[in-house]
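Following: one structure in structure tokens, then a few remarks.
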């Protein structure tokens, strides 16, 4: 039937089974703290990027504003905590409680979002992406140069851990729980917004900003709202990250963070929450995983896999007369893989994008964008109904 | 007092001045048409009325209230809706969602009833209610664009070339609907290249040439005018 959406494979799984799977997956986050600290640390980072991804999703996925400077808001949140609580903070002598700074960081994040959003209001698409990319760098360079506030490239260290019930939280498990709560909070707020009148305005703006205006939608207001909310969530992530890592410097806030967050949103499927979770697991989890000694050991046991790959290389060499050398010996290739993890990771990204161009868990809208690209739609103009 | 009155409007984009000082009035309950060839300044005039283009000079007022340079959403709130050139359908939203967008500013409980009214006006849209806008034919998209504009309950409806790219039979249907909408109490300002059809349904018409109003009269008068017949009705 024309116009019905071709369902993604996952959507063909019965609804009951699907919700059961999501429930199981959601509950599984509670099991993680019993694992080794390295694992919990890894899942903390995954959780952190889930929060950041959901924040960026509001801007990119819901409102369709391509923002390549998202790291600016992450930095704003982290530096709020650093400046107000690190003992080496040059501008502030006192050390405020984390729980006092946290809400302030959210507000400051939103304000920074509006301030960076205002000058880019008239820009669209590629131009918006380029300018926001510049903003991300400007914020990082500001942090380097405003030495009397940020301590410049030396960074802010010894950021105190938050207190819970008058006791300092010093284990990674507690941080993990914090980031999980933050992720659920963000999920709740952003999905409620998406399904509200505000979400509808974002949808119209993403589809066609001019027509949205003609429908009586105050595009300025709703675009700034998307920037503010996305930025506030970014700041939330930064505020939790700072006391976790206890040391922040401009080097932690490079373009790579923005790109990672955007990439995980795209890989997961733009506009979808499940996608953000899947994207973070792959983009953040796997590179971390490849560094683990357990992974290394496991790989060294897998000599057969190495032999298989070598066979493929030989075949490739015979067919193409190329000269690709063999993989390193079995007792070394685990270690080598850790060193070259970004190559493995890059290859994985290519595979995902080739097999599922709309992401792993596309939102319904995203599927439609691939079914009916805008250029193809106008063609039906001349003729009958 | 005219429902819409424009005086000395000058508007354009960048270095181009598309509209060079026009005066135009639309009375309550009228169908007024603005005809002219490609690039004469028709769409720019409409975009200036709905706030999508900022006028350089001149004044626009609606029910006696100045609306020059108001933001588009404020103008919609006052009761002016536009059917944009090229229809401006949200291609990935369903027909129902498109209609809902038209009622974005409304918070009353009659939106559902109004949607039924649109479906009564265009039964075709009801059949297609769950389909996405991009899958509709050109004629259906035009119906949707008009229906969506009506969802705002406008006092004045601006139509930008509703006949564009449609077959003669469909054009007939669309113009019939325009007459019906007026009969239900909505005033209409219609921009058209299809002068023959436009002058047939319009009470009054203006001819715009290179950004200036060159002729003005009742629909019948203009349809009889020699220069109009030559330039726009294709007669030798």
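Before moving on, here are some points about what is shown:
- Test: residue in the range B:196-206 that is over 18 Å from the mean Cα position of the chain (by Cα) and farther than 21 Å from residue B:4 by Cβ: no
- Top-ranked residue of the range B:11-31 - restricted to ones that are out of contact with any strand residue (DSSP E or B) (no Cβ under 7 Å at 6 or more places or on another chain) and part of a strand (DSSP E or B), ranked as nearest to residue B:214 (Cα to Cα): B:16
- Out of A:179, A:159, one residue alone is buried (at least 17 other Cβ atoms within 10 Å of the Cβ), in a loop (DSSP other than H, G, I, E, B), touching a residue at least 12 places away in the same chain (Cβ under 8 Å) and touching a helix residue (DSSP H, G or I) at 6+ places or on another chain (Cβ under 9 Å). It is A:159.
- Counting only residues that are in contact (Cβ under 8 Å) with a residue 60 or more places away in the chain, within 16 Å of residue B:24 (Cα to Cα) and buried (at least 17 other Cβ atoms within 10 Å of the Cβ), the range B:50-79 holds 2 of them.
- Qualifying positions in the range B:64-82 - more than 9 Å from every other protein chain (Cβ to nearest Cβ) and in contact with a helix residue (DSSP H, G or I) (Cβ under 9 Å, 6 or more places away or on another chain): B:65, B:67, B:68, B:70, B:80
- In the range B:53-89, the residues that are within 14 Å of the chain's Cα centre (by Cα) and either under 23 Å from residue B:211 (Cβ atoms) or part of a strand (DSSP E or B) (or both): B:80, B:81, B:82, B:83, B:84, B:85, B:86
- Odd one out for residue A:245, checked against (1) touching a helix residue (DSSP H, G or I) at 6+ places or on another chain (Cβ under 6 Å); (2) at pLDDT 90 or above: (1)
- For the range B:94-112, filtering for residues that are modelled with pLDDT under 90 and away from every other protein chain (no Cβ under 12 Å) leaves 2.
- Of all residues in the range A:187-200, none satisfies the criterion of being at pLDDT 95 or above and at the interface with chain B (Cβ under 9 Å from one of its Cβ atoms).
- Meets criteria (under 22 Å from the mean Cα position of the chain (by Cα), over 23 Å from residue B:184 (Cα atoms) and either outside any helix (DSSP H, G or I) or within 10 Å of chain A (Cβ to nearest Cβ) (or both)) for residue B:130: no
- Residue B:141 vs. criteria surrounded by fewer than 24 Cβ atoms within 10 Å (Cβ to Cβ) and without any contact (Cβ under 8 Å) to a residue 60 or more places away in the chain: no
The rows are residues; the columns are (1) under 19 Å from residue A:185 (Cβ atoms); (2) outside any helix (DSSP H, G or I); (3) touching a residue at least 60 places away in the same chain (Cβ under 8 Å); (4) in contact with a strand residue (DSSP E or B) (Cβ under 9 Å, 6 or more places away or on another chain).
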| site | (1), (2), (3), (4) |
| --- | --- |
| A:21 | no, no, no, no |
| A:24 | no, no, no, no |
| A:33 | yes, no, yes, no |
| A:49 | yes, no, yes, no |
| A:52 | yes, no, yes, no |
| A:56 | yes, no, yes, no |
| A:66 | no, yes, yes, no |
| A:79 | no, no, yes, yes |
| A:95 | no, yes, yes, no |
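- Annotation: of all residues in the range B:190-215 being farther than 22 Å from residue B:50 by Cβ and in contact with a strand residue (DSSP E or B) (Cβ under 7 Å, 6 or more places away or on another chain), the one that is surrounded by the fewest Cβ atoms within 10 Å (Cβ to Cβ) is B:214.
- Residue in the range B:52-63 that is touching a strand residue (DSSP E or B) at 6+ places or on another chain (Cβ under 9 Å) and at the interface with chain A (Cβ under 9 Å from one of its Cβ atoms) present: yes
- All positions within the range B:149-170 that are more than 11 Å from chain A (Cβ to nearest Cβ) and either in a helix (DSSP H, G or I) or over 26 Å from residue B:110 (Cα atoms) (or both): B:150, B:161, B:162, B:163
- Flag if residue A:242 is part of a helix (DSSP H, G or I), over 20 Å from residue A:129 (Cα atoms) and in contact with a strand residue (DSSP E or B) (Cβ under 9 Å, 6 or more places away or on another chain): yes
- Verdict on residue B:135 being without any contact (Cβ under 8 Å) to a residue 24 or more places away in the chain, buried (at least 16 other Cβ atoms within 10 Å of the Cβ) and within 13 Å of chain A (Cβ to nearest Cβ): yes
- Among residues of the range A:277-308, those that are more than 18 Å from residue A:346 (Cα to Cα) and in a helix (DSSP H, G or I), counted: 16
- Test for residue B:84: is it touching a residue at least 12 places away in the same chain (Cβ under 8 Å), buried (at least 22 other Cβ atoms within 10 Å of the Cβ) and closer than 22 Å to residue B:29 by Cα: yes
- Residue within the range B:39-49 that is touching a helix residue (DSSP H, G or I) at 6+ places or on another chain (Cβ under 9 Å), crowded, with 23+ Cβ neighbours inside 10 Å and more than 22 Å from residue B:195 (Cα to Cα) present: no
- Condition met for residue A:174 (touching a helix residue (DSSP H, G or I) at 6+ places or on another chain (Cβ under 6 Å) and either in a helix (DSSP H, G or I) or under 30 Å from residue B:99 (Cβ atoms) (or both)): no
The values are calculated or read from the model by the stated rules, or taken from the named source; none is laboratory data. Everything numeric here is computed off the predicted structure, so don't read it as measured data. As a convention, Cβ positions derive from the backbone with ideal geometry for all residues, glycine included, and neighbour counts pool all protein chains shown.
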